[in-house]
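Each reported figure results from applying straightforward, stated rules to the coordinates on display, with no laboratory input. Bear in mind that the values here come from a model prediction, so they are computed numbers and not experimental data. Virtual Cβ from ideal backbone geometry, glycine too; neighbours counted across all protein chains shown.
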């Protein structure tokens, strides 16, 4: 079992997106951007997704620099519970290698307040 946690400042993410607008497309999938755009404070929800991606990679000791983060997507089950969809073949291969399992599972919990978002990810073989 591998566990990762990350916290992201809403203001810091907002400033990063203002400085580098291309970052939105490099880090978030079109579906994530669309979902967050419908929220009262979109950056809050984007910050939660950033934290989820970072927490997943931290859990298994991988760097965010090596992957297309828009292909590690926060999606929602029919119950509303968030989960991670690993759509990147390179990341999937590395997660399989690290966990020693082709059928690894990820569990995700995210939360956000005005200033910060936090995510906890458990990756299980």
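Summary table
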| read-out | value |
| --- | --- |
| In the stretch 59-104, residue nearest to residue 121 (Cα to Cα) [restricted to those that are surrounded by fewer than 20 Cβ atoms within 10 Å (Cβ to Cβ) and in contact (Cβ under 8 Å) with a residue 60 or more places away in the chain] | 60 |
| Test: residue 26 is touching a strand residue (DSSP E or B) at 6+ places or on another chain (Cβ under 8 Å) and in contact (Cβ under 8 Å) with a residue 40 or more places away in the chain | no |
| Residue list for the stretch 1-16, restricted to those being touching a strand residue (DSSP E or B) at 6+ places or on another chain (Cβ under 7 Å) and in a helix (DSSP H, G or I) | 10 |
| Residue match in the stretch 5-27 (condition: within 15 Å of residue 121 (Cα to Cα) and surrounded by fewer than 19 Cβ atoms within 10 Å (Cβ to Cβ)) | yes |
